[in-house]
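For reference, the structure is listed below as structure tokens.
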Amino acid sequence: MSVEIIHNENNQNNKPALLLYHITLPDTETDSPYNQRKQEGDFVMKQEKKQEIALMRYSALAPLITGTQDDFGSLSAFFRAACAKGIKAPDGSMKHYSPKTLEKWYLAYRKCGFDALIPTGRSDCGVSRKIDEDLREQISYLKHTYPRMSAAAIYKQLQDNGSIRSGQISESTVCRFINQLALQERLTVNQDMRRYERHHINEVWCGDSSSGPYLKTPDGKKHRVYIIALIDDASRFVLGANVFFNDTFVNLMTVMKSAVSKYGRPKIFNFDNGAAYKNRQMELLAARIGSVISYCKPYTPTQKAKIERWFRTLKDQWMASLDMRDFHSLEELGGSLTTYISSYNQRSHSSLKGLSPQERFFQEPELIRRLTDEQIESSFLLEAERRVSADCVIVMDQIEYEVDYRFAKQRITLRYSPDMEKIFVVEADDSLTPIRLLNKQENSMVKRDKVRLTGGDA
């Protein structure tokens with residue numbers, strides 16, 4: 001073992017000198033590259049499981065948080081009804097918690113927001129300890145592909161292909177899981193395909209993307225443009241839209257952030273099942289601002305009818321009138337789109353009894369639930385995990401950043417803006433501590449006196 005005493009001489013204002021002790025332990029088996037990778041992988045899995053559990057808890061409370069619950073008369077009545085209905089766990093099973101547990105989650109959320117729902121203890125709550133995700137997928141595939149295949153036959157098949165080792169999982173466990181699948185299918189009802197309309201604004205925002213024109217950039221190449229938009233279901237008010245060269249989650253998040261900043265948050269975001277929309281980052285984002293995500297099921301065209309109809313109008317009116325030779329950048333094309341949307345929102349709409357979408361939307365100003373700038377900035381952050389080097393450096397997109405010495409050789413959670421201008425370390429109490437770019441030149445100006453004490457010299 002060695003002890004390094006570091007004396008910081010870059011001292012100003014004659015403050016007492018700061019002595020830092022850095023203790024280096026001898027290498028052990030736990031420091032091997034294999035074990036480090038295993039620990040990092042375990043950390044990521046635990047973090048993902050914790051987030052899944054937090055989202056499960058939020059989904060149980062969401063009707064109460066967003067105000068979409070029925071009139072139960074009291075909180076206790078809501079908790080009892082939610083417990084009786086059951087809560088869908090991350091593994092797809094239905095869990096039944098006590099009303100007291102749901103009340104505890106709700107009070108924690110009211111006090112500290114979504115992050116309070118992240119478990120601090122066991123991270124496998126709601127997840128089968130015997131049947132992991134990969135095995136569940138295999139069982140589900142076999143049962144849906146071969147409906148008449150018995151549980152015993154499925155169990156033997158999994159044994160034969162090496163998915164189940166002897167003594168690991170019993171046949172009865174597999175049988176119970178198959179029975180759960182059958183129960184879920186029986187409880188699934190036919191989708192209501194009738195047209196609908198929400199009674200109030202900011203109940204549902206529907207988001208979607210559509211391919212736009214080709215834009216010729218200064219390099220002489222033509223690039224496909226994608227339009228991402230959000231529309232309020234009750235008013236047809238276009239809350240936000242912009243043009244991008246890629247249909248990605250980050251670009252969608254840009255449109256969402258702008259809309260939430262201007263018009264508050266909706267109770268529900270309605271999206272399709274595309275890769276740009278269905279991911280854990282999206283669910284975490286919605287939960288942090290107090291909304292929920294609803295994904296359209298396949299072959300249910302009425303769920304996105306309004307925004308798809310608007311995209312057809314957009315192509316017939318705006319795109320048809322464009323001369324793309326007039327545009328040389330996305331900013332110019334986006335400005336034209338913004339002008340069109342402003343005009344569209346102010347025109348009377350046949351489905352709104354002669355009102356314009358803008359008039360209908362602002363008929364209910366009390367339903368515009370705005371968030372503070374701080375809430376918006378902290379909520380619209382991406383999340384990632386990184387391992388800190390021994391010299392307190394992490395790498396994001398091939399750029400080096402410096403973190404506090406407390407995090408040396410640890411796996412940490414980061415939250416960052418899409419443009420990478422702001423990056424924070426998530427502390428143990430869920431607070432955010434900003435980090436900065438690594439400045440080797442500045443660090444070289446700090447003089448250090450080093451005294452090394454080794455085991456034999458102590």
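The values are calculated or read from the model by the stated rules, or taken from the named source; none is laboratory data. A quick note: this is a predicted structure, and the numbers were derived from the prediction, not measured. Positions of Cβ are backbone-derived with ideal geometry, glycine not excepted, and every protein chain shown enters the neighbour counts.
Tabulated values for the structure
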| quantity | calculated |
| --- | --- |
| Single residue of His96, His144 found to be in contact with a Gly (Cβ under 6 Å, 6 or more places away or on another chain) and modelled with pLDDT under 80 | His96 |
| Which listed residue is polar (S, T, N, Q) and exposed (fewer than 14 other Cβ atoms within 10 Å of the Cβ), from Ser378, Ser348, Ser356 | Ser348 |
| Strands (runs of 3 or more DSSP E) wholly inside the stretch 186-260 containing at least 2 residues that are of a type in the set (Val, Ile, Thr) and at pLDDT 95 or above | 222-232, 238-244 |
| Selection count, the stretch 100-130, where residues are modelled with pLDDT under 80 and of a type in the set (Val, Ile, Thr) | 2 |
